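The values are calculated or read from the model by the stated rules, or taken from the named source; none is laboratory data. What you see is a predicted model; the values in this text were computed from it and never measured. Here the Cβ is made from the backbone with ideal geometry for all residues, glycine too, and neighbour counts use every protein chain on show.
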Amino acid sequence: MEIPYTVEIRPDTGLTNGKLGVWLFLASEVMLFAALFSSYILLRVGSTEWPHGFQELNVPMAAINTVILITSSVTMVMAWASLKMNNFSKFRMHLGITILLAVAFLVIKYFEYAEHLATGMGPWHSTFLAIYFTMTGLHALHIIGGIIVNGYLWGPGAKMWTSEPVRFTNRIEIAGLYWHFVDLVWIFLFPMLYLL
Amino acid sequence: MDAHASDDISKHVKTYFMVFGTLMVLTIVTVGVSYLHLPVHVAILVALFIATIKGSLVALFFMHLNHERKMIYWVLALTAVFFAVLLLVPLSTNLDKIVQKY
């Protein structure tokens, strides 16, 4: 059975089904992270003492990761723009860089986690580290999800460009919306956990 | 793709790089402000203000929310209401502690 409204606009919503679908998914993601942000605030105001993030965490590493994610958002949107300009090789280059930057983010995160765990500063150590590992861990899972989807679209999924170019461009736009959301969450997590 | 549409995307690309530059500057400002060691309540307000500007830039330009269909805005408006409820209702139960603390 063919999936309806992948390319043509659905008259009642004014959107393709995929685009509306991803926005509804992102709305549910906002609520998922909101629950954790809310928990963070409650834990912080309810505690007798709370460390400054910069005393416990590695700010330079996290700052580099912020730069990496913002750069990957630009390369992601450039991948979509390249398809819009009919330039498939540029698309592949930009999406490839996006994936590599996502992997670099995870590698840096791994070193950060390893540094904590080696000194016995795991999530069991304090409420602050518990919420830190929970929120950054959930965020890292989203990065892994993005790498899997973008990896598919860079590799085997890219065959669609030759048969259904408009549908493929829409797929990249939708994958991009998810990726920018992951970047957006980090923009709030970074100051909240590391700098305050 | 016609030449007009391609020109249109080229303009978008320029905007993307301007937004990228702004985001980088704001990241430096965010880190820089943290070294000023401001009182906690001021630091929270400043950090949230900068993060909100950065988040808005990503949402408006990279996620194209500056020119999106009405249906998306309705979905997001509903989400914003539930987001506020989820954040503010639990917070209201601790207002006394927050006032004491900050």
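Has the range A:43-63 got at least one residue that is touching a residue at least 24 places away in the same chain (Cβ under 8 Å), polar (S, T, N, Q) and in a loop (DSSP other than H, G, I, E, B)?
Scanning the range A:43-63, I find at least one residue that is touching a residue at least 24 places away in the same chain (Cβ under 8 Å), polar (S, T, N, Q) and in a loop (DSSP other than H, G, I, E, B), so the answer is yes.
On the given criteria, is A:Tyr5 part of a helix (DSSP H, G or I) and either modelled with pLDDT of 95 or more or in contact with a helix residue (DSSP H, G or I) (Cβ under 8 Å, 6 or more places away or on another chain) (or both)?
No, not satisfied.
Each row is one residue, and each column tells you yes or no for (1) on the phi > 0 side of the Ramachandran plot; (2) more than 7 Å from every other protein chain (Cβ to nearest Cβ).
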position: B:Lys14; (1), (2): no, yes
position: B:Ala43; (1), (2): no, no
position: B:Val58; (1), (2): no, no
position: B:Phe61; (1), (2): no, yes
position: B:His64; (1), (2): yes, yes
position: B:Leu78; (1), (2): no, yes
position: B:Val85; (1), (2): no, yes
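So B:Leu78 fits all but one of (1) modelled with pLDDT under 95; (2) exposed (fewer than 14 other Cβ atoms within 10 Å of the Cβ); what number is the exception?
Evaluating B:Leu78 over (1) modelled with pLDDT under 95; (2) exposed (fewer than 14 other Cβ atoms within 10 Å of the Cβ) leaves (1) as the failure.
Condition test on B:Met71, is it more than 30 Å from A:Gln55 (Cα to Cα) and within 14 Å of the chain's Cα centre (by Cα)?
no
Run down A:Thr134, A:Thr169 and say which single residue is within 14 Å of chain B (Cβ to nearest Cβ), touching a residue at least 60 places away in the same chain (Cβ under 8 Å) and among the hydroxyl-bearing types (Ser, Thr, Tyr).
Matching residue, one of A:Thr134, A:Thr169: A:Thr169.
Here are the criteria: (1) without any contact (Cβ under 8 Å) to a residue 12 or more places away in the chain; (2) more than 9 Å from chain A (Cβ to nearest Cβ); (3) of a type in the set (A, V, I, L, M, F, W, C). Tell me which single one B:Val29 does not satisfy.
(1)
Determine which member of the set A:Ile148, A:Ile172 is assigned to a helix (DSSP H, G or I) and either modelled with pLDDT under 95 or touching a helix residue (DSSP H, G or I) at 6+ places or on another chain (Cβ under 8 Å) (or both).
Just a single option satisfies the conditions, and that option is A:Ile172.
Restricted to the range A:177-196, and to residues that are assigned to a helix (DSSP H, G or I), farther than 18 Å from B:Tyr16 by Cβ and among the aliphatic types (A, V, I, L, M), which residue is nearest to the other protein chains (Cβ to nearest Cβ)?
A:Leu195
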